[in-house]
Amino acid sequence: MTRARRSWLVALAGALAALIPALALSGFTVDDALITARYAHHVALGLGYRFNAAGPVTDGVTPLGWAFVLAPFAAQGPLAALVAAKWIGAAAWTFSAGALAIAIDRVSDRPVRFAALALLPASAPLGAWSAAGMETGVVLALGALAAALPALGRPLAGAGCAGVAAALRPELLPFALVVALAAQVAPRRGGERPGAAAGEPERGPSRAREREPDVGPTAGPSRAAAMRWTGALAAVALAGLPFVAVALIRLSVFGRPAPLAALAKAPDAALGARYALACFLLTGPLSLVAPLAWRALPAWPRGLLAAVVAHFLAVAAAGGDWMPLSRLVVPALPAAALAAAYVASAADTRATALRIALALAGELFVALRIGPTAARVGAERSRVVEELRGPLAGAGVVAALDVGWLGAATGATIVDLAGVTDPVIAALPGGHTTKRIPGSLLDARGVDTLVLLLAEGQPLAAPWTTSRFARGVEQHLARLPGAGEAFAPVAVSGVPHLRYVVLRRAAYTPHAPRSGSAPSAPSTR
């Protein structure tokens, strides 16, 4: 079999390993995906980069520019933009997984290297987030190419991919810089040893295969060192300058270099450390805990491991994430899989089997426990949108914490109680679910409708202000003086786990509270 034919077959296997779980979990999404989709819809309509059609331009999308990518597909509304985002993310990850599989194939000639490829289809986070409708699918693809391209002899292209990924997701900057520098010692021309004859097979990882600049037979040590420095500087520039450019654009347009979400949700080191540890145990990198194998690895796979560790530390410092399925660490998992292939090629087969088994155990635990629930999220959100579209009709200004699905259900002005799209609320004390919203703010904004989420398994009580709500912001609003007289419930969604209550100003005269499935009267239980 020719090398080209083998590469195509291996790439197809890698693509299928990514595509099948992405299709199985394509129903997964999160509320924030629809926030970006609403920005994209307004861009498509020529209204500008804003969350509310008549509101100010705000920095409510962390991956700056992502809404413009979706805008050509968003004229029909936020839901259309979400569908496009899902397809774009899944396609990008499928393509890059093919390149990652080729890189894994060229690690060595030991069949055990392909055990690392098994980490891809078993990973619910990879499958779910690639098609979630967030930017994560594209960032995941860029992270995979940042690791795979240097292994295929394209270190600067890999550094460029890492740089774009860090521009979209700021917490990826340490990963991008480390993997770009490590790529300078990656094997050249797709895994051939420097000086190897054309067609000579690889025989496993070796320090002799580390990348050395091809400076010619007469080049002196000083010229070789200069070229190494030039390559390293070029890699750092490609990996870091996109991040700097985005920060400068934000500073110029919005007055701050960091995304608005960083202000709305202040980092919590303790929560971040717990998040990073849980992700480490459940996403697959446990297979890389191999001190003996580390000593046998060349510099390039050591650099991959260092990049993965750097990313986990950055995620911990950023305070983790509230979204399920380890979203923030997903872009580094392809690099972890490639490093696992090097570990497998250098370590004892029995030790490799044990490490891979432990990694797969963590992944399968997540896939079996959370996967089925995750696959239903999109359908449940769509049902809430359809159920509450009617009760929200005629609303002028709606205040809520989960504003993504709300932006798909109504064209009304939305007050984002989390502050993710609202710089005034973002600056208030507290986290994005615990801000102390003053009642005067609701009056000043002209809020005529509230949408609050009931706590899990809790009914709507009478009076409604005694109900138990899901998050601190909502509980605080229900306890504001005069809230019960100012607002009255008109509808409750009928989706389990997503029991949203629509409340209108007292001037609005509703009949009984209703839902999309059946009347839902207040209960005293």
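Tell me which label goes with the value of mean projected area of the Cα convex hull in nm² computed from the coordinates here: (i) 23.0; (ii) 25.8; (iii) 40.2.
So the structure-derived entry is (ii).
Pairwise over distinct Cα atoms, reciprocal of the mean inverse distance: report the Kirkwood radius of the range 48-94 in Å, one decimal place.
Value: 11.6 Å, from the Cα pair sum.
If you take every DSSP beta bridge fully contained in the range 377-505, what fraction is antiparallel? Give it as a percent rounded to 5.
Of all bridge pairs located within the range 377-505, approximately 65 percent are antiparallel.
Using a Debye calculation, one point per C-alpha and no hydration shell, please list log10 I(q)/I(0) for the range 377-505 at q = 0.14, 0.20, 0.22 Å⁻¹ in order.
Relative scattering, expressed as log10 I(q)/I(0), comes to -0.55, -1.22, -1.50.
Where does the charge balance sit around Pro257 when Lys and Arg score +1, Asp and Glu -1, over other residues with C-beta under 13 Å from its C-beta?
After counting each charged neighbour, the total is +1.
Taking the Cβ of Ala99 as the centre, find all other residues whose Cβ is under 12 Å away and add up their charges (Lys, Arg: +1; Asp, Glu: -1).
Taking every Cβ under 12 Å from that of Ala99, the sum is +1.
Can you tally the net charge around Ala317? Count Lys and Arg as +1, Asp and Glu as -1, for every other residue whose Cβ sits under 12 Å from the Cβ of Ala317.
My count for the surroundings of Ala317 gives -2.
For the chain, return all DSSP H helices satisfying: extent of Cα atoms along own axis at least 30 Å; mean Kyte-Doolittle hydropathy at least -1.0.
3-24, 78-105, 221-254, 349-375
As a test, work out the antiparallel percent of DSSP beta bridges whose residues both lie in the chain, rounded to the nearest 5.
60
Whose amide H sits under 5 Å from the amide H of Ala399, counting only residues 5 or more places off or on another chain, with H placed in the peptide plane?
Amide H to amide H, under 5 Å and 5 or more residues apart or across chains, Ala399 pairs with Val415, Thr449, Leu450, Val451.
Since every read-out is calculated from the coordinates, none of them should be taken as a lab result. Computed from a predicted model, the values in this text were never measured in an experiment. Backbone-built Cβ (ideal geometry, glycine too); neighbour counts: all protein chains shown.
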